[in-house]
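For reference, the structure is listed below as C-alpha coordinates.
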Amino acid sequence: MSKVVVVGDGLVSAETLAEAALDLTIEEPIEVVKYQWFADLNKEQFQEKIKLIEQKGPEAVEIPAGILTDLADAEYLLVHIAPVSKAMIEAATQLKLVGTCRGGVEHVAVQELKKKDIPLIHVIRNAEPVADFTLGLFYALTRNIAFSYQQVKEAKWPKKFANDPYKTTLANLKVGLVGLGYIGKLVVKRLNSLGVEVIAYDPFVNKEAIRAEGLSITFVELEELFKTADIVSLHVRVTPETKNMINADLLSLMKPSAYLVNTARPDIVDKADFVEALQMNMIAGAATDVVWEEPIRSDDPLLDLDNLVITSHIAGDTIDAIPRSPYLLRDVLNDYFESGMSDMLVRI
(Lines give C-alpha, C1' and ligand atoms only; values in the text may rest on other atoms or scores of the structure.)
Protein backbone atom coordinates (compact mmCIF):
# COMPACT_ATOMS: atom_id res chain seq x y z
CA MET A 1 0.00 0.00 0.00
CA SER A 2 1.11 3.56 -0.73
CA LYS A 3 -0.21 6.74 0.87
CA VAL A 4 -0.17 9.93 -1.16
CA VAL A 5 -1.15 13.34 0.18
CA VAL A 6 -2.14 15.88 -2.48
CA VAL A 7 -2.76 19.58 -1.96
CA GLY A 8 -4.82 21.46 -4.51
CA ASP A 9 -5.18 25.23 -4.71
CA GLY A 10 -6.94 28.05 -6.52
CA LEU A 11 -5.48 26.99 -9.87
CA VAL A 12 -5.19 23.20 -9.70
CA SER A 13 -7.80 21.20 -7.82
CA ALA A 14 -7.05 18.44 -5.35
CA GLU A 15 -9.30 16.18 -7.44
CA THR A 16 -7.07 16.59 -10.48
CA LEU A 17 -3.92 15.91 -8.47
CA ALA A 18 -5.60 12.88 -6.91
CA GLU A 19 -6.56 11.53 -10.33
CA ALA A 20 -2.93 11.82 -11.44
CA ALA A 21 -1.71 10.22 -8.20
CA LEU A 22 -3.86 7.14 -8.75
CA ASP A 23 -1.97 6.52 -12.01
CA LEU A 24 1.44 6.42 -10.34
CA THR A 25 3.43 3.21 -10.67
CA ILE A 26 3.87 2.76 -6.93
CA GLU A 27 2.83 -0.05 -4.63
CA GLU A 28 -0.90 -0.67 -4.73
CA PRO A 29 -3.44 -0.08 -3.36
CA ILE A 30 -2.90 3.67 -3.49
CA GLU A 31 -4.57 5.72 -0.77
CA VAL A 32 -4.92 9.39 -1.73
CA VAL A 33 -5.72 12.01 0.91
CA LYS A 34 -6.85 15.34 -0.51
CA TYR A 35 -6.35 18.84 0.87
CA GLN A 36 -7.02 22.28 -0.58
CA TRP A 37 -5.01 25.45 -0.09
CA PHE A 38 -7.04 28.68 -0.46
CA ALA A 39 -9.04 27.21 -3.33
CA ASP A 40 -12.02 29.37 -2.29
CA LEU A 41 -10.28 32.68 -3.03
CA ASN A 42 -10.93 34.67 -6.17
CA LYS A 43 -8.13 35.10 -8.69
CA GLU A 44 -6.88 38.42 -7.33
CA GLN A 45 -6.88 37.20 -3.73
CA PHE A 46 -5.10 34.01 -4.68
CA GLN A 47 -2.46 35.98 -6.60
CA GLU A 48 -1.66 37.78 -3.35
CA LYS A 49 -0.96 34.41 -1.71
CA ILE A 50 1.28 33.44 -4.64
CA LYS A 51 3.12 36.75 -4.37
CA LEU A 52 3.66 36.23 -0.64
CA ILE A 53 4.99 32.70 -1.02
CA GLU A 54 7.27 33.69 -3.90
CA GLN A 55 8.73 36.59 -1.96
CA LYS A 56 9.00 35.06 1.51
CA GLY A 57 8.84 31.30 1.08
CA PRO A 58 6.71 28.48 2.50
CA GLU A 59 6.98 29.58 6.13
CA ALA A 60 5.23 32.89 5.38
CA VAL A 61 1.84 31.37 4.59
CA GLU A 62 -0.63 29.09 6.31
CA ILE A 63 -0.66 25.37 5.64
CA PRO A 64 -3.91 23.36 5.36
CA ALA A 65 -5.47 22.55 8.72
CA GLY A 66 -4.94 18.94 9.80
CA ILE A 67 -2.37 18.09 7.16
CA LEU A 68 0.44 17.38 9.64
CA THR A 69 -1.50 14.42 11.00
CA ASP A 70 -2.01 12.88 7.57
CA LEU A 71 1.61 13.49 6.62
CA ALA A 72 2.85 11.39 9.54
CA ASP A 73 2.59 8.15 7.54
CA ALA A 74 2.51 9.59 4.01
CA GLU A 75 5.09 8.35 1.52
CA TYR A 76 4.44 10.87 -1.25
CA LEU A 77 3.39 14.52 -1.24
CA LEU A 78 2.15 16.18 -4.44
CA VAL A 79 1.39 19.89 -4.71
CA HIS A 80 1.00 22.60 -7.31
CA ILE A 81 1.77 25.91 -5.59
CA ALA A 82 0.78 25.06 -2.01
CA PRO A 83 3.55 25.36 0.59
CA VAL A 84 5.79 22.47 1.56
CA SER A 85 7.02 23.90 4.83
CA LYS A 86 9.58 22.83 7.39
CA ALA A 87 6.81 21.69 9.74
CA MET A 88 5.27 19.55 7.01
CA ILE A 89 8.58 17.90 6.16
CA GLU A 90 9.39 17.25 9.81
CA ALA A 91 5.96 15.68 10.34
CA ALA A 92 6.31 13.38 7.31
CA THR A 93 8.65 10.80 8.81
CA GLN A 94 7.88 8.20 6.11
CA LEU A 95 8.15 10.57 3.17
CA LYS A 96 9.91 9.16 0.09
CA LEU A 97 9.39 11.97 -2.42
CA VAL A 98 7.84 15.40 -3.00
CA GLY A 99 6.47 16.33 -6.40
CA THR A 100 5.45 19.80 -7.53
CA CYS A 101 4.26 21.19 -10.86
CA ARG A 102 4.73 24.94 -11.12
CA GLY A 103 7.27 27.45 -12.45
CA GLY A 104 9.54 27.71 -9.42
CA VAL A 105 10.21 26.04 -6.07
CA GLU A 106 9.97 29.05 -3.77
CA HIS A 107 7.04 27.33 -2.05
CA VAL A 108 9.20 24.38 -0.96
CA ALA A 109 11.56 24.29 2.02
CA VAL A 110 14.25 22.80 -0.19
CA GLN A 111 16.99 22.74 2.45
CA GLU A 112 14.77 20.76 4.82
CA LEU A 113 14.30 18.13 2.14
CA LYS A 114 18.05 18.08 1.63
CA LYS A 115 18.62 17.39 5.34
CA LYS A 116 16.41 14.30 5.07
CA ASP A 117 17.70 13.27 1.65
CA ILE A 118 14.17 13.39 0.21
CA PRO A 119 14.10 13.84 -3.56
CA LEU A 120 12.15 16.73 -5.05
CA ILE A 121 10.71 16.34 -8.54
CA HIS A 122 9.86 19.73 -10.01
CA VAL A 123 7.86 19.61 -13.22
CA ILE A 124 7.96 23.03 -14.82
CA ARG A 125 4.39 23.10 -16.03
CA ASN A 126 5.05 25.95 -18.43
CA ALA A 127 8.51 25.09 -19.71
CA GLU A 128 7.52 25.05 -23.39
CA PRO A 129 5.63 28.36 -23.18
CA VAL A 130 8.53 30.03 -21.35
CA ALA A 131 11.04 28.76 -23.93
CA ASP A 132 8.85 30.13 -26.73
CA PHE A 133 8.42 33.44 -24.94
CA THR A 134 12.16 33.75 -24.38
CA LEU A 135 12.78 33.60 -28.11
CA GLY A 136 9.97 36.08 -28.59
CA LEU A 137 11.80 38.53 -26.34
CA PHE A 138 15.03 37.96 -28.30
CA TYR A 139 13.26 39.12 -31.45
CA ALA A 140 11.24 41.89 -29.79
CA LEU A 141 14.40 43.35 -28.29
CA THR A 142 17.04 42.92 -30.97
CA ARG A 143 14.78 43.88 -33.89
CA ASN A 144 13.08 46.76 -32.03
CA ILE A 145 9.60 45.27 -32.34
CA ALA A 146 8.58 46.45 -28.88
CA PHE A 147 10.31 49.82 -29.11
CA SER A 148 8.80 50.58 -32.52
CA TYR A 149 5.32 49.57 -31.38
CA GLN A 150 5.52 51.81 -28.33
CA GLN A 151 6.44 54.85 -30.44
CA VAL A 152 3.87 54.14 -33.15
CA LYS A 153 1.20 54.11 -30.44
CA GLU A 154 2.42 57.63 -29.61
CA ALA A 155 1.77 58.68 -33.24
CA LYS A 156 5.46 58.54 -34.14
CA TRP A 157 7.00 56.66 -37.06
CA PRO A 158 10.50 55.61 -35.95
CA LYS A 159 13.13 54.51 -38.44
CA LYS A 160 16.24 54.98 -36.31
CA PHE A 161 17.09 53.10 -33.14
CA ALA A 162 19.99 53.06 -30.71
CA ASN A 163 21.14 49.64 -31.92
CA ASP A 164 21.28 50.60 -35.62
CA PRO A 165 25.11 50.27 -35.81
CA TYR A 166 24.97 46.56 -34.92
CA LYS A 167 21.38 45.53 -35.68
CA THR A 168 21.38 42.11 -37.36
CA THR A 169 19.49 38.81 -37.58
CA LEU A 170 19.34 36.34 -34.74
CA ALA A 171 21.43 33.82 -36.69
CA ASN A 172 24.35 36.26 -36.59
CA LEU A 173 24.24 36.58 -32.81
CA LYS A 174 25.79 34.39 -30.12
CA VAL A 175 23.40 33.53 -27.30
CA GLY A 176 24.70 32.77 -23.82
CA LEU A 177 22.48 30.87 -21.37
CA VAL A 178 23.05 31.15 -17.63
CA GLY A 179 21.51 27.94 -16.35
CA LEU A 180 20.83 24.83 -18.38
CA GLY A 181 17.88 23.18 -16.71
CA TYR A 182 14.79 21.98 -18.52
CA ILE A 183 13.75 25.40 -19.83
CA GLY A 184 17.31 26.26 -20.79
CA LYS A 185 17.60 23.08 -22.84
CA LEU A 186 14.33 23.81 -24.62
CA VAL A 187 15.69 27.23 -25.56
CA VAL A 188 18.86 25.57 -26.87
CA LYS A 189 16.83 23.19 -29.05
CA ARG A 190 15.04 26.13 -30.60
CA LEU A 191 18.24 28.07 -31.16
CA ASN A 192 19.97 25.04 -32.66
CA SER A 193 17.12 24.70 -35.14
CA LEU A 194 17.58 28.34 -36.11
CA GLY A 195 21.32 27.93 -36.61
CA VAL A 196 22.22 30.20 -33.69
CA GLU A 197 25.52 29.70 -31.86
CA VAL A 198 24.92 28.86 -28.20
CA ILE A 199 27.25 29.06 -25.22
CA ALA A 200 26.22 28.18 -21.69
CA TYR A 201 27.27 28.30 -18.06
CA ASP A 202 25.97 25.78 -15.54
CA PRO A 203 28.46 24.22 -13.11
CA PHE A 204 26.04 21.49 -12.08
CA VAL A 205 25.05 19.85 -15.34
CA ASN A 206 26.53 16.69 -16.78
CA LYS A 207 28.09 18.07 -19.94
CA GLU A 208 28.45 14.70 -21.61
CA ALA A 209 24.80 13.86 -20.94
CA ILE A 210 23.80 17.20 -22.46
CA ARG A 211 25.82 16.53 -25.57
CA ALA A 212 24.36 13.01 -25.76
CA GLU A 213 20.96 14.64 -26.15
CA GLY A 214 22.20 16.09 -29.42
CA LEU A 215 22.36 19.68 -28.23
CA SER A 216 25.00 21.91 -29.76
CA ILE A 217 26.47 23.97 -26.91
CA THR A 218 29.87 25.32 -25.96
CA PHE A 219 30.34 25.41 -22.20
CA VAL A 220 32.21 28.42 -20.83
CA GLU A 221 32.87 30.09 -17.50
CA LEU A 222 30.44 32.75 -16.36
CA GLU A 223 32.78 35.68 -16.98
CA GLU A 224 33.59 34.43 -20.49
CA LEU A 225 29.89 34.15 -21.26
CA PHE A 226 29.23 37.76 -20.27
CA LYS A 227 32.24 38.96 -22.25
CA THR A 228 31.39 37.21 -25.52
CA ALA A 229 27.61 36.67 -25.75
CA ASP A 230 25.48 39.01 -27.84
CA ILE A 231 22.41 37.97 -25.86
CA VAL A 232 22.63 36.76 -22.25
CA SER A 233 19.52 34.83 -21.20
CA LEU A 234 18.88 33.87 -17.57
CA HIS A 235 17.46 30.46 -16.63
CA VAL A 236 18.37 29.78 -13.00
CA ARG A 237 16.23 29.67 -9.89
CA VAL A 238 16.79 31.88 -6.86
CA THR A 239 19.05 30.37 -4.23
CA PRO A 240 21.41 32.00 -1.74
CA GLU A 241 24.14 31.48 -4.34
CA THR A 242 22.22 33.02 -7.26
CA LYS A 243 20.53 35.93 -5.50
CA ASN A 244 21.90 39.15 -7.05
CA MET A 245 24.49 37.13 -8.98
CA ILE A 246 24.00 39.35 -12.03
CA ASN A 247 25.65 42.47 -10.66
CA ALA A 248 27.78 45.40 -11.78
CA ASP A 249 30.87 43.20 -12.10
CA LEU A 250 29.25 40.91 -14.65
CA LEU A 251 27.26 43.62 -16.42
CA SER A 252 30.44 45.63 -16.94
CA LEU A 253 31.90 42.70 -18.89
CA MET A 254 29.15 42.78 -21.51
CA LYS A 255 29.73 44.29 -24.92
CA PRO A 256 28.01 47.65 -25.59
CA SER A 257 26.10 45.83 -28.34
CA ALA A 258 24.86 43.03 -26.05
CA TYR A 259 21.43 42.41 -24.54
CA LEU A 260 20.21 40.84 -21.29
CA VAL A 261 16.97 38.80 -21.16
CA ASN A 262 15.33 37.51 -17.98
CA THR A 263 12.36 35.13 -18.00
CA ALA A 264 13.39 33.48 -14.72
CA ARG A 265 13.22 35.46 -11.46
CA PRO A 266 14.02 39.14 -10.71
CA ASP A 267 16.14 38.46 -7.65
CA ILE A 268 18.83 36.83 -9.79
CA VAL A 269 19.69 40.39 -10.85
CA ASP A 270 20.88 43.23 -8.64
CA LYS A 271 18.25 45.85 -9.43
CA ALA A 272 20.35 48.94 -8.74
CA ASP A 273 23.23 47.67 -10.88
CA PHE A 274 20.82 46.66 -13.64
CA VAL A 275 19.12 50.06 -13.74
CA GLU A 276 22.46 51.86 -13.76
CA ALA A 277 23.80 49.74 -16.63
CA LEU A 278 20.77 50.63 -18.75
CA GLN A 279 20.74 54.29 -17.70
CA MET A 280 24.40 54.61 -18.71
CA ASN A 281 23.83 52.66 -21.95
CA MET A 282 26.52 50.21 -20.94
CA ILE A 283 24.62 47.55 -22.91
CA ALA A 284 22.31 47.78 -25.91
CA GLY A 285 19.20 46.91 -23.96
CA ALA A 286 17.33 44.34 -21.91
CA ALA A 287 14.02 42.52 -21.70
CA THR A 288 12.42 41.13 -18.58
CA ASP A 289 9.19 39.29 -17.86
CA VAL A 290 9.78 39.57 -14.12
CA VAL A 291 10.14 42.62 -11.89
CA TRP A 292 10.94 43.09 -8.24
CA GLU A 293 7.48 44.27 -7.27
CA GLU A 294 4.28 43.11 -8.96
CA PRO A 295 2.31 44.89 -10.16
CA ILE A 296 4.99 47.42 -11.01
CA ARG A 297 4.69 50.78 -9.24
CA SER A 298 4.16 53.90 -11.33
CA ASP A 299 7.32 55.45 -9.86
CA ASP A 300 9.55 52.43 -10.48
CA PRO A 301 12.78 53.56 -12.19
CA LEU A 302 12.43 50.65 -14.63
CA LEU A 303 9.61 52.54 -16.34
CA ASP A 304 11.95 55.43 -17.19
CA LEU A 305 14.29 53.23 -19.23
CA ASP A 306 13.80 53.52 -22.99
CA ASN A 307 16.09 50.54 -23.68
CA LEU A 308 14.13 48.04 -21.56
CA VAL A 309 11.23 45.82 -22.65
CA ILE A 310 8.99 44.81 -19.73
CA THR A 311 6.20 42.25 -19.90
CA SER A 312 3.80 41.45 -17.08
CA HIS A 313 5.03 38.01 -15.95
CA ILE A 314 3.20 36.19 -18.74
CA ALA A 315 5.93 33.96 -20.19
CA GLY A 316 4.27 30.79 -18.95
CA ASP A 317 0.69 31.89 -19.43
CA THR A 318 -1.03 29.61 -21.94
CA ILE A 319 -4.43 27.95 -21.78
CA ASP A 320 -3.04 24.44 -21.40
CA ALA A 321 -0.04 24.88 -19.09
CA ILE A 322 -1.80 24.76 -15.71
CA PRO A 323 -4.55 22.18 -16.41
CA ARG A 324 -2.01 19.71 -17.84
CA SER A 325 0.50 20.10 -15.02
CA PRO A 326 -0.65 17.24 -12.71
CA TYR A 327 -0.53 14.80 -15.60
CA LEU A 328 2.92 16.00 -16.63
CA LEU A 329 3.98 15.43 -13.03
CA ARG A 330 2.49 11.92 -13.12
CA ASP A 331 4.39 11.04 -16.30
CA VAL A 332 7.69 12.42 -15.02
CA LEU A 333 7.30 10.61 -11.70
CA ASN A 334 6.58 7.30 -13.41
CA ASP A 335 9.67 7.73 -15.59
CA TYR A 336 11.68 8.50 -12.45
CA PHE A 337 10.34 5.44 -10.63
CA GLU A 338 11.36 3.28 -13.59
CA SER A 339 14.80 4.71 -14.31
CA GLY A 340 15.87 6.35 -11.05
CA MET A 341 16.84 9.45 -13.05
CA SER A 342 15.07 12.60 -14.20
CA ASP A 343 15.89 16.00 -15.64
CA MET A 344 13.22 17.26 -13.28
CA LEU A 345 15.03 16.10 -10.15
CA VAL A 346 15.98 19.28 -8.31
CA ARG A 347 19.66 19.51 -7.37
CA ILE A 348 19.56 20.15 -3.62
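The values are calculated or read from the model by the stated rules, or taken from the named source; none is laboratory data. The model shown is predicted, which means the values in this text are computed figures rather than measured ones. Please note: Cβ atoms are built from the backbone with ideal geometry, for glycine as well, and neighbour counts cover all protein chains shown. For the accessible areas, the whole protein counts, side chains as well, though only heavy atoms, and no ligand, DNA or RNA atoms are used. Shrake-Rupley method; radii C 1.70, N 1.55, O 1.52, S 1.80 Å.
Pairs to check: K3/K114; K160/K271; K49/K114; K174/K255; K3/K96. Give those whose C-alpha atoms are more than 20 Å from each other in this structure. Long pairs (Cα-Cα over 20 Å): K3/K114; K160/K271; K49/K114.
The label-point distance for K115 and L22, in a model that sets each label 7 Å from Cα toward Cβ, rounds to 3.6 nm.
When only the Cβ of Lys, Arg, Asp and Glu is charged (+1, +1, -1, -1), the dipole of the chain relative to its Cα centre reaches about 1000 debye.
Between S298 and K43, the simple spin-label model (points 7 angstrom out along Cα→Cβ) gives 2.4 nm.
Excluding ligands, DNA and RNA, the accessible surface per residue across segment 118-263 is 47 Å² with a 1.4 Å probe. In this structure, E128 and D306 have a Cβ-Cβ separation that, at R0 = 30 Å, corresponds to a calculated FRET efficiency of about 0.40.
Be a star and scan segment 200-223 for residues whose amide nitrogen sits under 17 Å from the point 7 Å along the Cα-to-Cβ vector of D331. No residues fall inside that zone.
Among the protein heavy atoms of segment 209-260, carbon and sulfur supply 51% of the accessible surface, probe 1.4 Å, non-protein parts ignored. Taking 0.36 nm per residue of sequence separation and removing the Cα-Cα distance, the Q279/S2 pair yields an extension gain of 94.0 nm. With respect to the chain, whose longest principal axis is taken over its alpha-carbon atoms, helix 43-56 is tilted by about 80°. Probing with 1.4 Å while keeping every protein chain in the model, the per residue accessible area of segment 271-348 equals 54 Å².
A straight chain from W157 to E223 at 0.36 nm per residue would run longer than the Cα-Cα distance by 19.9 nm. Using alpha carbon centroids, what distance separates segment 267-323 and segment 169-203, in Å? The two parts, judged by their Cα centres, are 21 Å apart. If R0 is 56 Å, the Cβ-Cβ spacing of E62 and Y166 corresponds to a FRET efficiency of close to 0.60.
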